[in-house]
Amino acid sequence: MATIIVVTSGKGGVGKTTTSASVSTGLAKRGFKTAVIDFDVGLRNLDLVMGCERRVVYDFVNVIQNEALLKQALIRDKHCDNLFILPASQTRDKEALSKEGVGRVLDELRDSFDYIVCDSPAGIEQGALMALYFADEAFIVTNPEVSSVRDSDRILGILQARSKRAETGSTPIKEHLLVTRYSPRRVEAGEMLSLKDVQDLLGIPLIGVIPESEVVLQASNSGVPVIHFDQSPSGQAYDDVVARFLGESRPMRFLEPERKNFLRRLFGT
Amino acid sequence: MNLLDYFLSKRKKSAVVAKERLQIILARERVDRSGPDYLPALKREILEVVAKYVSIDVEQVQVHLQREGNCEILELNISLPEPPPASTNQPMGHSAAN
């Protein structure tokens, strides 16, 4: 029986798809059979970030509307054998995601997978509501920035009131705060909300901090989830996130500005 | 106070400003969320009625919903303006705000 994880944020552009790609890859690399679903119907993007855009034949909406079988639509990841991607439809609108349809596809996946990662679209409309409705656990992706923090708080309210777990009165969705695009240098200069500020404001347990890094863009440029860049701080930070999610205790890192020594500063490397 | 102190104390770091603003707005939005669905509409309509008779500042209104056991207390705190000294009796139909 799979655990369903939603990656959500309210605000767009904070790193939901980057996180979905890396967390699902991290889980698969550790041997768990994992599916990652793009809920951003109309604006397919997860396939591009995961580098499988040219192998999309059928999509999530095709499966919901019985135009394709689930196993026809699932794309096997080129790096991990036990990772599968279910892409979003580009031609339909978000209303195509009915509660019954999404529930049926998730039920079918639940039997044969360990983890199902739901990549939520931005906003609080149908696609976002369906991505979180069936979740057991949630990653709240937040940038240390006013509108992102506010939208995350909004999404937390929705998780606590309008998810299936809330409606049926069962154990609430387990919430994990993931702070992304964190710049220790700007925090030190007093220009960016600190990790503690974001934690104080949102009041949910922290699962990780991903430092702002140009490697994230390089990763999406090449269609390889950033967690594969295991020499880079962002890749290592995502690996820590997955380890913590699975119960390992790892200290937070990349919270201090990198101190350049005199020579590196001189040559600007 | 020397010049350096002046600049150091006067300029509040923008991250501090951000946190203060968020603390206020999140607290307000959480109250709105925790109440029943009809609370914002109820608040608006009560204010409309009051505003028909007295000039009130919407910012000066506090709404609290408290739960004590199985009893809910809706508390509306509206600060009325000082009555003008000349005319203490305002006509009933006076509409001051909308």
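The values are calculated or read from the model by the stated rules, or taken from the named source; none is laboratory data. Keep in mind that this is a model prediction, so the values were computed, not measured. Positions of Cβ are generated from backbone atoms using ideal geometry, with glycine treated the same way; all protein chains shown enter the neighbour counts.
Per the conditions (1) in contact (Cβ under 8 Å) with a residue 60 or more places away in the chain; (2) more than 12 Å from every other protein chain (Cβ to nearest Cβ), the sole criterion not satisfied by A:I155 is (2).
So which of A:T168, A:T180 ends up being of a type outside the set (D, E, K, R), more than 8 Å from chain B (Cβ to nearest Cβ) and either more than 24 Å from A:S22 (Cα to Cα) or free of Cβ contacts under 8 Å to residues at least 40 places away in the same chain (or both)? Write out each step before concluding.
Values: A:T180 fails: either more than 24 Å from A:S22 (Cα to Cα) or free of Cβ contacts under 8 Å to residues at least 40 places away in the same chain (or both).
Being of a type outside the set (D, E, K, R), more than 8 Å from chain B (Cβ to nearest Cβ) and either more than 24 Å from A:S22 (Cα to Cα) or free of Cβ contacts under 8 Å to residues at least 40 places away in the same chain (or both) holds for just one of A:T168, A:T180, which is A:T168.
Restricting the search to segment A:118-151, which residues are within 14 Å of chain B (Cβ to nearest Cβ), out of contact with any helix residue (DSSP H, G or I) (no Cβ under 6 Å at 6 or more places or on another chain) and over 24 Å from A:E95 (Cβ atoms)? Once the filter is applied, which keeps residues that are within 14 Å of chain B (Cβ to nearest Cβ), out of contact with any helix residue (DSSP H, G or I) (no Cβ under 6 Å at 6 or more places or on another chain) and over 24 Å from A:E95 (Cβ atoms), segment A:118-151 yields A:N143, A:E145, A:S147, A:S148, A:R150. Note on segment A:48-94: residues that are touching a Gly at 6+ places or on another chain (Cβ under 9 Å) and among the acidic types (D, E) amount to 3. Of all residues in segment B:27-47, which are within 12 Å of chain A (Cβ to nearest Cβ) and at pLDDT 80 or above? Within segment B:27-47, B:A27, B:R28, B:E29, B:R30 qualify. Applying the criterion of being more than 17 Å from A:S148 (Cβ to Cβ) and of a type in the set (K, R) to the residues of segment B:12-26, the residue that is nearest to the other protein chains (Cβ to nearest Cβ) is B:K13. The listed residues are A:D38, A:D81, and the only one of them that is within 25 Å of A:A243 (Cα to Cα) and over 18 Å from the mean Cα position of the chain (by Cα) turns out to be A:D81. The residue that is nearest to A:S9 (Cα to Cα), counting only those in segment A:164-185 that are more than 18 Å from the chain's Cα centre (by Cα) and surrounded by 17 or more Cβ atoms within 10 Å (Cβ to Cβ), is A:R165. For segment A:185-217, a residue qualifies if it is part of a helix (DSSP H, G or I) and within 13 Å of chain B (Cβ to nearest Cβ), and the qualifying residues are A:R185, A:R186, A:V187, A:E188, A:L195, A:K196, A:D197, A:V198, A:Q199, A:D200, A:L201, A:L202. Among the conditions (1) at pLDDT 95 or above; (2) under 25 Å from A:K33 (Cα atoms), the only one that A:S220 does not satisfy is (1).
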